[in-house]
Amino acid sequence: MQGVSKHIVQDYRTHVETIASLISKGPYKLEFICDQLGISRVTLNKKKKGASFTLEEVEKLTDLFTKV
């Protein structure tokens, strides 16, 4: 079971890193993403740099980038 858990955590980490990359390269302006998350641009940049989004933010961003 431990191997499965590590795999899930690694997949999640990769997903969050991918989202951070999409924020930089994606079709949405940073202001729009900030509005969707209810955070400032400074906070978004810190979260993106550290890949430290909350689960709720990851869910919102996943939905947002899935629509593209």
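Taking 12 Å as the straight-line reach from the Cα of Lys48, the aspartates and glutamates in range (excluding those fewer than 8 positions away in the same chain) are Glu17, Glu57. When volume of the Cα convex hull per residue in Å³ is calculated for this entry, the matching label among (i) 117; (ii) 108; (iii) 84 is (iii).
Taking 0.36 nm per residue of separation and subtracting the Cα-Cα distance, full extension of the segment from Ser5 to Asp35 would add 7.5 nm. With K and R counted +1 and D and E -1, the other residues having a Cβ less than 12 Å from that of Gln36 yield a net charge of -3.
The helix-based estimate of mean residue ellipticity at 222 nm for the chain, built from -39,500 (n - 2.57) per DSSP H run of four or more residues and divided by its residue count, is -25500 deg cm²/dmol to the nearest 500. Over all other residues within a Cβ to Cβ distance under 13 Å of Ala20, the charged ones net out to +4, with Lys and Arg as +1 and Asp and Glu as -1.
Bear in mind that the values in this text are calculations on the coordinates, not laboratory data. Computed from a predicted structure; not experimentally measured. Quick reminder, even Gly has a Cβ in these numbers, built from the backbone with ideal geometry, and neighbours come from all protein chains shown.
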